[in-house]
Amino acid sequence: MASQDWFEKDFYAILGVGQDADADEIKKAYRKLAKQYHPDRNPGDTAAEQRFKDVGEANAVLSDPEQRKEYDAIRQMARGGARFTAGAGGPGGGAGFEDVFSSMFGGGAGGTRVRYSTGGYPGGGYPGGGFPGGGAGGAEPDLEDILAMFGQGGGGSPFGGGAGAGYGGFQAPQGPQKGADLTARATLSFRDAVTGSTVQLSAGGETITAKIPAGVKDGQKIRLRGKGAESRTGGERGDLILTVTVEKHPVFGRDGDNLTLDLPVTFAEATLGATVEVPTLEGKNVKVKVAPGTPSGRTLRIKGRGVQAKGGAGDLLATVEVVVPEHLTDEQRAAVETLAEGAGDPRADLMALAGR
């Protein structure tokens, strides 16, 4: 991370701990916030995603003793808290941070006080027409160059004690970073999506074996932790974001954790009632009762024969579909005609209601 970021970010406030917090307090606060704002718990929430990144950044610095020491030093300087000892007109007269910069960049004893800001110096350039490590007089300073003079320069430090004395430099090294996330797609049969499966994928130039949990849905994204790219800085591997496509089944459909199917029954079975067999996804048929007078469209529920989910198994929903015969013998036709003679008009209520 660039040191300039450290002037602007209060990592203690981000984690909600005091500046005197010990390592255990910092770890506890980080784990709580990371869990709260994790992208998996806040899908599509960009604010939570940014908060998750800020929390991780704060923890990376404050959990590292060396980085924390350098961060505290920089924050102290940013608040104007770094004071120096010098005589009148030079380092030592109780001068503040900006006074040291004034004397360094051309102010000198009794000269104009030049106040440092990230926006540059008044007048566009720098006294003397340039800046150590920079370009022409009109160029804006690089904060890393300025800070290098207070701890990383080749000569003595204005803080005293030679190069790196006092604060030991301000370019904090980056800690181990997590590897990049990778993406992949997998197509599963309907049965494998319901019951779970193990698949082999090609991602990042290698073959990855991934376990797909039972009950995965079409279009669902699964985060496989530690299956992404290797870290280039010695950190943990990234994740693999897998998008699942589920093939259609010729018989079964899905409604949440319930499985569905259309159940054909004959006119006689629907009229007189019957016990019929219904197929299940696991391959074993079950028997259900069709009550006398069951119409097309009525749904029969078979408990526990749906998707095995964490909250329990779903059901199998069989929707009755009365099959109308296309070809009748003379005897069958005569029987149907006899039935029709005694039947009332099924559209009588419809007509009555339509006339209101």
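The values are calculated or read from the model by the stated rules, or taken from the named source; none is laboratory data. Keep in mind it's a predicted model, so treat the numbers as computed, not measured. Cβ sites come from the backbone with ideal geometry, for glycine too, and all protein chains shown count toward neighbours.
State all residues of segment 239-284 that are under 42 Å from the mean Cα position of the chain (by Cα), under 22 Å from Val322 (Cβ atoms), without any contact (Cβ under 8 Å) to a residue 40 or more places away in the chain and exposed (fewer than 15 other Cβ atoms within 10 Å of the Cβ); if no residue qualifies, say none. Correct list: Pro250, Val251, Gly253. Being of a type in the set (A, V, I, L, M, F, W, C) and assigned by TED's automatic domain parsing to the domain that holds Val286 is the requirement here; does Leu259 meet it? Considered against the rule, which asks whether it is of a type in the set (A, V, I, L, M, F, W, C) and assigned by TED's automatic domain parsing to the domain that holds Val286, Leu259 comes out as yes.
So how many residues does segment 281-332 have that are farther than 17 Å from Arg191 by Cα and part of a loop (DSSP other than H, G, I, E, B)? Step through it out loud before you land on a result.
Step one: of segment 281-332, the residues farther than 17 Å from Arg191 by Cα are 286-303, 310-312, 318-332.
Filter again for part of a loop (DSSP other than H, G, I, E, B), leaving 291-298, 303, 310-311, 324-329.
Of the residues in that region, 17 qualify.
So which of Val324, Val307 ends up being loosely packed, with under 13 Cβ neighbours inside 10 Å and either on the phi > 0 side of the Ramachandran plot or at pLDDT 85 or above (or both)?
On the way: Val307 fails: loosely packed, with under 13 Cβ neighbours inside 10 Å.
Answer to the check: Val324.
Would it be correct to say that Phe252 is out of contact with any Pro (no Cβ under 6 Å at 6 or more places or on another chain), at pLDDT 95 or above and either assigned by TED's automatic domain parsing to the domain that holds Gly196 or of a type in the set (Phe, Trp, Tyr) (or both)? Criteria met by Phe252. Segment 1-115 holds helices (runs of 4 or more DSSP H) entirely within its bounds, and those carrying 3 or more residues that are modelled with pLDDT of 70 or more map to 11-15, 23-37, 46-62, 65-78.
For segment 333-356, a residue qualifies if it is part of a loop (DSSP other than H, G, I, E, B) and either in contact (Cβ under 8 Å) with a residue 60 or more places away in the chain or more than 58 Å from the chain's Cα centre (by Cα) (or both), and the qualifying residues are Ala343, Gly344, Asp345. Every condition in (1) in the same structural domain as Lys310 (by TED's automatic domain parsing); (2) over 30 Å from Leu339 (Cβ atoms) is met by Thr266 except one, and the failing one is (2).
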